[in-house]
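**Q** My questions will all concern the structure given below.
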Amino acid sequence: MNAPDRLLVIGVGNRDRGDDGVGPVVCDLVEQLSLPYVDTIVFEGSVLDLPLRWSTTNRVVIVDAAEPTGEPGRITTTDGLAERLTTPSTVSTHTIDVGAAIEMARVLDRLPVELSIIGIEGAEFGFGAPLSSAVERSAHRVAADIGRRFPDSGY
Amino acid sequence: MTHKTLNLNVPTLTRVEGEGALHVTVENGQVGDVELEIYEPPRMFEAFLRGRGAAEPVDITARICGICPVAYQMSAAHAIESIAGVHPGGAIRELRRLLYCGEWIESHVLHMAFLHAPDFVGVDSGIEIARRHPELMAEVLHLKKTGNRIMEVVGGRPIHPVNVRLGGFYRAPTRAELGTLDSDLERAHAAALALLRWVATFDYPSIPGRLADNTEYVSLRHGSEYPFNEGRIVSNQGLDVDVATFGERIREYHVAHSTALHATLGGDEGSGRHYQTGPLARWMNNADLVPGSVRTVAEQLGVAEIETNPFRSILVRGLETLWAVEEAQRIIAGYRPPTQAALDVPTTAGVGHGCTEAPRGILYHRYEIDSTGTITDAVIIPPTSQNQDAIETDLRDFVASHLDLDDHTLGHRCEQVIRNYDPCISCATHFLRFSIDRGD
C-alpha cells in the first residue's frame with residue numbers, strides 16, 4: 001500500500017515498438033533518481049486495471065506515447081481530474097482507453113488526489129526500434145520535471 | 001409489402017476482432033438474405049507460418065488475439081508436440097491449465113460485465129453499469145484483473161504471455177510466486193459468485209422457432225475434468241472423435257460476403273451438418289464434470305445441463321468463470337514446481353493436430369512439419385469462424401419472429417444476438433451501424 005502523497009508514475013507502452021516504449025523509459029529514468037517518495041509501474045496490462053493500480057491518496061502521473069502529428073517529442077500534459085478525456089460512447093475491448101479507465105475510476109470513486117496524463121508524441125513505432133532522438137530527449141525532460149516536483153530527488 | 005435492409009458494421013481490428021456488417025433483407029414479411037459479413041484476412045497467419053520453425057507458432061499465433069492468446073499458444077503447442085509424441089504431464093500440465101484459467105477469467109468477465117451485460121441492463125457501456133452498481137463493478141474489475149494476474153505470474157505478461165514454449169515453459173513459477181495469487185483468488189471467488197447471481201436476475205429474450213436448436217453442439221470432452229487442453233471432440237448428437245481426425249470432418253467453405261471461412265461437419269456447404277461451439281456446447285457436453293460446488297450454484301440459479309437459448313450463454317460463462325477460479329485455487333494448492341520447466345520436443349517430421357477450448361469455443365490447429373523442423377502447411381480454425389453459421393441462423397430466426405419491433409429496437413436486439421456468441425469481431429460490443437429500408 002502506498003503512503004499518502006506518494007507519487008506514482010505509470011509508464012504505458014511497449015518497449016519493443018520504438019517510441020511506444022517512452023512511458024516505460026520514463027519509469028526507468030525516474031527509478032534511477034531513487035526518489036524517496038516516488039513509485040513507478042511499467043504497465044502492460046488492460047487499461048481497465050488502471051483504477052486498481054493506484055490508491056485514492058496517490059498523486060499519479062501516467063506517461064504514454066502520443067499519436068504522431070508532425071512534432072516528435074512534443075509533450076502534452078493533461079489534468080485528468082479537471083478535464084474529461086474523450087471516451088468512446090461505447091466500450092469495446094479495442095476502444096477501452098485511458099479516458100475510459102479514468103471515467104471508470106470516477107464512477108467507482110477511485111480517483112487519486114492528482115492525476116496528470118503526459119503524452120509524448122512519437123515518430124517511429126517499428127519493431128525493435130530505439131526511441132527516436134527527440135522522444136528520448138523528452139523522456140529525460142519529463143523525468144527531470146518529476147524530480148523537480150520532489151526536491152529530495154537531487155536530479 | 002414489407003421490405004427491410006439492415007446494415008451492421010464492426011470495425012476491423014485483427015483476425016478475429018475483424019470487420020463485420022450485417023445485411024438482412026425482408027420481403028413480404030419473409031426474411032431473405034441474412035449475411036454476417038466479416039472483412040478480415042483469415043489466412044494471413046497460416047501463410048506467415050509456412051517456412052517458419054516448428055517452435056515459432058506458439059509465439060506467432062498468440063498474436064492473433066489479445067483476448068485469447070493462451071488458446072492459440074496451447075493449441076499450437078499441443079499440435080506440434082503430438083508430432084514428436086511428447087505429452088507434458090504433471091506440474092507442466094497443471095501450469096498450462098492454470099494459465100488457461102487466467103485467460104477464461106479475464107475474457108469471460110470482460111465479455112459478461114462490459115460487453116454483454118449492458119444489453120440486458122439497457123445501457124451503453126460497463127461504465128454506465130458501474131454508475132448503477134459501483135460496489136459490484138469494483139469487485140468485477142478485481143476479478144478480471146485476477147485473471148490477468150494469473151497470466152502474468154505464469155505466462156510472464158498479463159496479455160500475450162511470453163513464457164510458453166514447446167514442451168512447457170521457459171521458467172516455472174515458484175510455489176511462493178503462485179502463493180501471491182491466493183488472496184486475489186479468494187476475493188475473486190466472491191466476485192464471480194456475485195457477478196453470476198446478478199446476471200441471473202436478467203430477463204432473457206428468446207427466439208421462437210429457433211432452428212439452431214437442431215444444430216450440433218461441439219466441444220472437447222475429457223474423461224475426468226472440465227476441458228481446457230485435452231480430450232476428444234464430442235457433440236450432443238453423438239460425435240466422438242480424436243482431435244487428430246476432427247480436421248477431416250470439418251469442411252471450411254467460402255461465402256462471398258465474408259472473408260472468414262464458414263464451417264460445417266461431415267460434408268460441404270450443402271450437405272454438411274451445422275454446428276456451434278462455445279460455452280453452451282461445453283456446458284451441454286461437460287456439465288457433469290464441474291465440481292459439486294459449481295453444480296449447486298447452477299441448480300440454485302436454474303441453469304439446466306442443457307441450455308440452448310443463446311441469450312443465456314452469459315449465465316454459462318458466469319458458471320465457467322466460477323469454475324475457473326476454483327480450478328486455479330485447486331492447482332495452486334497442490335502445486336509442486338516441475339523438475340524441468342519444459343520437456344524436450346525433438347524435431348520430428350509429420351502432421352500434428354491440436355484443439356483446445358478458447359473462451360468462445362474450440363480452436364483447432366494443424367501443422368505439417370518437414371524433417372528440418374520447418375512448417376510446410378498450417379491450418380487454424382478459430383471458434384468465431386465455426387460459429388458464423390449459427391449466428392446467421394439465429395439472426396434469421398430472430399428477425400423473422402420480431403418484425404414487429406421498431407428499427408432501433410430490432411437493430412439493438414440483432415447486435416445482442418451476435419454478442420451472445422462473444423465473437424472476436426470487435427469482441428462483440430456496441431459496434432453495429434444500423435439502418436432499415438422498409439420499402440415504404
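The values are calculated or read from the model by the stated rules, or taken from the named source; none is laboratory data. Values in this document were obtained by computation on a predicted structure and should not be read as measured data. So basically every Cβ, Gly included, is an ideal-geometry build from the backbone, and we count neighbours across all protein chains shown. With ligands, DNA and RNA removed, areas are computed over all heavy atoms of the protein, side chains included. Shrake-Rupley method; radii C 1.70, N 1.55, O 1.52, S 1.80 Å.
**Q** Give the long-range amide H neighbours of B:GLY32: residues separated by 5 or more places, or on another chain, with amide H under 5 Å away, using H modelled in the peptide plane at 1.01 Å from N.
**A** B:THR25, B:VAL26, B:GLU27
**Q** I need to check one value: relative contact order of chain A, counting alpha carbon pairs closer than 8 Å and at least 6 residues apart, in percent.
**A** The normalised contact order for chain A reaches 34 percent.
**Q** Can you run phi through the Karplus equation (6.51, -1.76, 1.60; θ = phi - 60°) for the stretch B:51-61 and list ³J(HN,Hα) in whole Hz, with x for Gly and Pro?
**A** Per residue, the Karplus-derived 3J(HN,Hα) values read x, 8, x, 5, 7, 7, x, 4, 8, 5, 6 Hz.
**Q** Between the stretch B:163-189 and the stretch B:290-311, what is the separation of their alpha carbon centroids in Å?
**A** So the two Cα centres are separated by 28 Å.
**Q** Related question: Using amide H atoms built 1.01 Å from N in the peptide plane, name the residues 5+ places from B:CYS424, or on other chains, whose amide H lies under 5 Å from its own.
**A** Amide H neighbours of B:CYS424, under 5 Å, 5+ apart: B:THR384.
**Q** Calculate what fraction, in whole %, of the accessible area of chain A sits on carbon and sulfur atoms when a 1.4 Å probe is rolled over the protein chains.
**A** That share works out to 47 percent.
**Q** Kindly identify the stretch B:316-404 as rounded, prolate or oblate by the Cα gyration tensor criterion: order the square roots of the eigenvalues as a ≥ b ≥ c, call it rounded if a/c is under 1.5, otherwise compare a/b with b/c, prolate if a/b is larger, else oblate.
**A** Note, shape of the stretch B:316-404 comes out oblate.
**Q** Give me, ordered by chain and number, the residues 5 or more places off B:ILE250 or on other chains with an amide H under 5 Å from its own placed amide H.
**A** So B:ILE250 has HN proximity to B:GLY266.
**Q** Quick check: at a probe of 1.4 Å, how many percent of the accessible area of the stretch B:147-230 sits on carbon and sulfur atoms?
**A** Solvent-exposed carbon and sulfur of the stretch B:147-230 make up 50 percent of the total.
**Q** So, one more: With springs connecting C-alpha atoms under 10 Å apart, model chain B as a Gaussian network and identify which of B:ASP344, B:ASP422, B:ASP389 has the largest mean-square fluctuation.
**A** Of B:ASP344, B:ASP422, B:ASP389, the Gaussian network model singles out B:ASP344 as fluctuating most.
**Q** Further question: Of B:SER313, B:SER293, B:SER371, A:SER116, which has the most accessible area and how do the rest follow, probe 1.4 Å?
**A** B:SER371, B:SER293, A:SER116, B:SER313
**Q** Taking a ≥ b ≥ c as the square roots of the Cα gyration tensor eigenvalues, with a/c under 1.5 meaning rounded and otherwise prolate when a/b beats b/c, else oblate, which class fits chain A?
**A** oblate
**Q** Work out the charge dipole of the protein assembly as shown with +1 on the Cβ of Lys and Arg and -1 on the Cβ of Asp and Glu about the Cα centre, then indicate which of B:SER313, B:MET137, B:TRP323 is farthest towards its positive end.
**A** Most positive-ward Cα: B:TRP323.
**Q** A further question on this structure: Across the stretch B:262-278, in residue order, what do the Karplus-derived ³J(HN,Hα) couplings come to in whole Hz, using 6.51 cos²θ - 1.76 cosθ + 1.60 with θ = phi - 60° and x for Gly and Pro?
**A** With the stated coefficients, the stretch B:262-278 comes to 8, 8, 9, 10, x, x, 8, 3, x, 9, x, 8, 7, 8, 9, 9, x Hz.
**Q** A follow-up question, please. If you average over every viewing direction, what projected area does the convex hull of the Cα atoms of chain B give, in nm²?
**A** Result: a mean projected hull area of 19.6 nm².
**Q** Restricting to DSSP loop positions (anything but H, G, I, E, B) with no more than 11 other Cβ atoms inside 10 Å of their own Cβ, which trypsin sites (Lys or Arg not before Pro) remain in the stretch A:14-89? It would help to have the intermediate numbers written out before the result.
**A** Numbers: sites: A:ARG15, A:ARG17, A:ARG53, A:ARG59, A:ARG74, A:ARG84; in loops: A:ARG15, A:ARG17, A:ARG74, A:ARG84.
Loop-located and lightly packed - A:ARG84.
**Q** Quick one: check the C-alpha center-to-center distance for the stretch B:314-355 versus the stretch B:206-282, whole angstrom.
**A** Here the two parts' Cα centres lie 22 Å apart.
**Q** Right, here's the next one. Starting from the Cα-Cα distance between A:ALA82 and A:THR69, subtract it from 0.36 nm times their residue separation and give me the gain in nm to one decimal.
**A** So the chain would gain 2.2 nm between A:ALA82 and A:THR69.
**Q** Something else: Which of the helices in chain B meet the span-like rule: DSSP H, Cα axial reach of 20 Å or more, Kyte-Doolittle mean at least -1.0?
**A** Going by DSSP H runs, the hits are B:69-84, B:90-109, B:134-155, B:182-199, B:313-333, B:383-401.
**Q** Estimate the FRET efficiency between B:GLN340 and B:HIS408 by the formula 1/(1 + (r/R0)^6), using the beta-carbon distance for r and 45 Å for R0, to the nearest 0.05.
**A** So the FRET efficiency works out to roughly 0.15.
**Q** If you plug each phi of the stretch A:112-124 into the Karplus form 6.51 cos²θ - 1.76 cosθ + 1.60 with θ = phi - 60°, what whole-Hz ³J(HN,Hα) values come out, in order, with x for Gly and Pro?
**A** With coefficients 6.51, -1.76 and 1.60, one gets x, 6, 9, 8, 9, 10, 10, x, 10, 5, x, 10, 10 Hz.
**Q** Then there's this: Any idea what the dipole of chain B comes to, in debye rounded to 20, about its Cα centre with Lys/Arg Cβ at +1 and Asp/Glu Cβ at -1? Display every interim value, and only then the final one.
**A** On the way: 39 positive and 58 negative charges, 248 e Å.
In total the dipole reaches around 1200 debye.
**Q** Oh, and also: Toward the positive end of the charge dipole of the stretch B:37-88, about the Cα centre and with charges on Cβ (Lys, Arg +1; Asp, Glu -1), which of B:PRO69, B:PHE48, B:ILE38 goes farthest?
**A** Most positive-ward Cα: B:PHE48.
**Q** What is the distance, in nm, between label points placed 7 Å from the Cα along the Cα-to-Cβ direction at B:HIS254 and at A:ALA129?
**A** 3.4
**Q** Relative to the isolated chain, which residues of the stretch B:136-178 have their accessible area cut by 30 Å² or more in the presence of all protein chains (1.4 Å probe, heavy atoms, no ligands or nucleic acids)?
**A** Correct list: B:LEU141, B:LYS144, B:LYS145, B:ARG157, B:PRO158, B:ILE159.
**Q** Okay, moving on. Keeping all protein chains in place, calculate the accessible area per residue for the stretch B:12-165 (probe 1.4 angstrom), answer in Å². Intermediate values should be presented prior to the final figure.
**A** Numbers: 4410 Å² over 154 residues.
About 29 Å² of surface per residue is accessible.
**Q** With +1 assigned to the C-beta of every Lys and Arg and -1 to the C-beta of every Asp and Glu, and no other charges, what is the dipole magnitude of the protein assembly as shown about the Cα centre in debye, to the nearest 20? Can you show the working numbers first?
**A** On the way: 52 positive and 81 negative charges, 246 e Å.
Charge dipole, the protein assembly as shown, about its Cα centre: 1180 debye, nearest 20.
**Q** Also, I was wondering about something else. Answer with one residue from B:PRO205, B:GLY352, A:LEU85: the one whose Cα lies farthest towards the positive end of the charge dipole of the protein assembly as shown, charges on Cβ with Lys, Arg +1 and Asp, Glu -1.
**A** Selected residue: B:GLY352.
**Q** Points 7 angstrom from Cα along the Cβ direction at B:THR374 and B:GLU128: gap in nanometres?
**A** Rounded to a tenth, the inter-label distance reads 5.5 nm.
**Q** List the residues of the stretch B:97-115 that lose 10 Å² or more of accessible area once all protein chains are present, compared with their chain alone (1.4 Å probe, heavy atoms only, no ligands or nucleic acids).
**A** At a threshold of 10 Å² (probe 1.4 Å), the residues of the stretch B:97-115 that become less exposed are B:LEU110, B:PHE114, B:LEU115.
**Q** Tell me whether the stretch B:19-92 comes out rounded, prolate or oblate; compute the Cα gyration tensor, take square roots of the eigenvalues as a ≥ b ≥ c, and use a/c under 1.5 as the rounded threshold.
**A** prolate
**Q** Hey, another quick one. Any idea of the total accessible area buried by the B-A contact, 1.4 Å probe, rounded to 100 Å²?
**A** Numbers: alone 16000 and 8190 Å², together 22060 Å².
The buried area between B and A, both sides summed, comes to about 2100 Å².
**Q** Another question about this same structure. As a test of the formula, what do you get for chain B when each DSSP H run with n ≥ 4 contributes -39,500 (n - 2.57) and the sum is divided by the residue count, at 222 nm and rounded to the nearest 500 deg cm²/dmol?
**A** Values: 15 runs with 181 residues, N = 440.
Helix contribution divided over all residues of chain B: -13000 deg cm²/dmol.
**Q** If each Cα of the protein assembly as shown is one equal point scatterer, what is log10 of I(q)/I(0) from the Debye formula at q = 0.07, 0.08 Å⁻¹?
**A** Taking Cα atoms of the protein assembly as shown as identical point scatterers yields -0.43, -0.57.
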